Amino acid sequence: MSRDQVQGTKATPGFDVHALGVILYELVTGERPFRGGSVAEVVNQILETDAPPPSARAAQSSRRATTICARALSHDPLVRYPSALAWRRTSTTCATRLHAAPRCAAPPAPAPGAPCRHALAHERALARGHGRHGDPALP
């Protein structure tokens, strides 16, 4: 939710651009730009602070993704992309450049017979009484 949306401003395309910025931020960092223990804390952060740059939470984030997030998450609606289409054009260009960039080496495979991290997470969930994907186990 953007600052102007929290303040009750009339809906504009900037609301959607801000939401796209939040989604990109989460894709890049794995976290939401604003965090808190309650809705009130998150809203207060939205009103009082700027989102930290993605590079502050994910060192591997590109400068371009950081720039796109900063512009989309700007508190000033005039700084944001004027439309979702303008955001799309910029982010598509960024994605194309990232896709063309050399790939990092794949992580090493687990040792033979060692459980993968997904299997370990699944075992922990089952031990806590959760079924598949965190759903409560069926009787």
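The values are calculated or read from the model by the stated rules, or taken from the named source; none is laboratory data. It should be emphasised that the depicted structure is a prediction, and the values quoted were computed from it without experimental measurement. Neighbour counts are summed over all protein chains in view; Cβ atoms, including those assigned to glycine, are modelled from backbone coordinates with ideal geometry. Surface accessibility is based on the protein's heavy atoms, side chains included, excluding ligands, DNA and RNA. Shrake-Rupley method; radii C 1.70, N 1.55, O 1.52, S 1.80 Å.
Listed values, structure above:
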read-out: For the stretch 1-26 versus the stretch 35-85, the gap between their alpha-carbon centres in whole angstrom; value: 10
read-out: Per-peptide average of other Cβ atoms within 10 Å, ordering 39-50, 7-18 highest first; value: 7-18, 39-50
read-out: The stretch 18-81: C-alpha gyration tensor shape, a/c 1.5 cut-off, then a/b vs b/c; value: oblate
read-out: For the stretch 14-59: accessible area per residue (Å², 1.4 Å); value: 55
